Amino acid sequence: MISELAHSTAFADVDYLRNKNVLKHFLLAMRQFALLLGLPVLIYICQDAFWWVPLALLQGFIVFGFSILLHEVIHDNVFPHRSATTVRCQNILGHVYASISGLSYSQFTKWHLDHHRHLGDDFLDPKKAKLSPHINKWWYKILYGTPALFFIYFRAVAKTVGSYSCVLRKRIKAQRFFTIGLHLVIMTCFALIGTAFLVKAYIVPVFIGFPLAFFINRMAQHYIIDPDDEFCCATLMRSNAVYDFLFLYSTYHLEHHYYPYVPFYNLKKLNRALQPFYHSKQIKSYSYGQVFYLWIFRNHLAHSKVLALD
C-alpha cells in the first residue's frame with residue numbers, strides 16, 4: 001500500500017511529514033494541560049448554566065484528548081530519535097496521558113497495536129471484534145455517546161484482556177488501580193470545594209462530555225469503509241478546523257492508517273498531499289454531518305460500504 005502511495009504523491013513531502021517535532025507535540029500537550037486545569041476555574045466562576053454547561057462539555061473533550069496524546073506515544077511519534085532516554089520519557093508521558101484519560105497504558109498499547117496489526121479482521125482486530133456496535137439499531141449506537149459507554153468499553157476490554165499473558169494482566173491491573181485512585185483523589189478534592197462543583201467540573205465532563213467526544217470521534221474512524229478495498233480501510237473525513245482543535249487532528253484517521261508514523265500535527269498536511277491520490281481512487285470524503293446522518297438516520301452498518309448518500 002505505502003509503495004503505491006509513494007508513487008501517487010510527492011514522496012519528499014510525505015517523507016518530511018514523518019519528521020517528529022518535540023516542540024510541536026509539547027505545545028499541543030501544554031495547551032491540553034492548560035485547558036484541563038483552567039476550565040474548572042472558569043466553571044467555578046461561571047455559575048450560570050449558559051456558561052458552565054458548554055465549559056463542562058469542553059472539559060470532557062479535553063480529557064478525551066489525552067487518549068489521543070497517548071496514541072502518539074504508542075506510535076513512537078513524540079521524539080525524533082529513539083534512545084534509552086527518550087524511551088523512558090515516552091513511557092512516563094504514556095502513563096501520565098493514560099491516567100488522565102482513565103486508561104491503562106499497557107492495555108491501550110496492546111489493544112491499539114493489535115488493531116493496526118489485524119485491521120478489519122472479524123476476530124483479531126479488537127476494535128472491530130469487541131468494541132464496534134454489533135446491534136445495528138440507532139438507539140444502541142447512541143449509547144456510545146452516553147455514560148453507558150463505560151460499561152460497553154470495559155466489557156469489551158475484559159473480553160480481550162483474558163487472552164493476554166499473566167504478566168501483562170498484572171501490569172494492567174496495577175495501572176488501573178493507580179488511575180482509579182487518581183480520579184478518586186480528584187473527585188474528593190472537587191467535593192471538598194462543593195457538591196455542585198463536583199458535578200459541574202467532574203461528573204458532567206467525564207460522564208457526559210467524554211462519551212460524547214468518544215462517540216463523535218469514533219463515528220468517523222472505521223464505520224464507513226469498503227471492506228473489499230484496502231485503500232478504504234477507514235473513513236476519509238473532510239478537513240474541519242473545529243474538529244482539528246477538539247480531536248487534535250485525529251479526525252484524519254485514514255491518513256493515519258496509511259502512515260502511522262506521521263505525527264498528529266502533520267496529518268492535515270498529509271491529507272492535502274494525498275488529495276490527488278484520493279481523486280484517482282475515487283475515495284469519497286465525508287463531513288461529520290453526513291456521517292451522523294448515515295450512522296443514525298440511515299442506520300448504516302458498521303464497517304461497511306455506503307452505496308448511495310441521499
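So, ASP228, is that one outside any helix (DSSP H, G or I) and either in contact with a strand residue (DSSP E or B) (Cβ under 8 Å, 6 or more places away or on another chain) or of a type in the set (D, E, K, R) (or both) or not?
Yes; evaluated as a whole, the condition is true for this residue.
Consider ASP114 carefully, then state whether it is assigned to a loop (DSSP other than H, G, I, E, B) and charged (D, E, K, R).
Values: assigned to a loop (DSSP other than H, G, I, E, B): no; charged (D, E, K, R): yes.
Taking the combined requirement at face value, the residue does not satisfy it.
Go through segment 176-185 and report how many residues are out of contact with any helix residue (DSSP H, G or I) (no Cβ under 6 Å at 6 or more places or on another chain) and touching a residue at least 12 places away in the same chain (Cβ under 8 Å).
Matching residues across segment 176-185 total 3.
It is to be established whether one or more residues within segment 205-227 are farther than 20 Å from VAL63 by Cα and surrounded by fewer than 19 Cβ atoms within 10 Å (Cβ to Cβ).
Yes.
Return yes when TYR249 is at pLDDT below 95, closer than 21 Å to VAL73 by Cα and either within 16 Å of the chain's Cα centre (by Cα) or assigned to a loop (DSSP other than H, G, I, E, B) (or both) and no when it is not.
no
Just need a number here: residues in segment 83-116 that are charged (D, E, K, R) and out of contact with any helix residue (DSSP H, G or I) (no Cβ under 9 Å at 6 or more places or on another chain).
Residues that pass the stated criteria total 1.
Only residues that are touching a residue at least 40 places away in the same chain (Cβ under 8 Å) and surrounded by 14 or more Cβ atoms within 10 Å (Cβ to Cβ): list them for segment 186-201, please.
Once the filter is applied, which keeps residues that are touching a residue at least 40 places away in the same chain (Cβ under 8 Å) and surrounded by 14 or more Cβ atoms within 10 Å (Cβ to Cβ), segment 186-201 yields PHE190, PHE197, LYS200, ALA201.
Count, please, the residues in segment 128-164 that happen to be part of a helix (DSSP H, G or I) and closer than 27 Å to VAL204 by Cβ.
So the answer is 20.
The values are calculated or read from the model by the stated rules, or taken from the named source; none is laboratory data. Not measured: the values here are computed from a predicted model. So basically every Cβ, Gly included, is an ideal-geometry build from the backbone, and we count neighbours across all protein chains shown.
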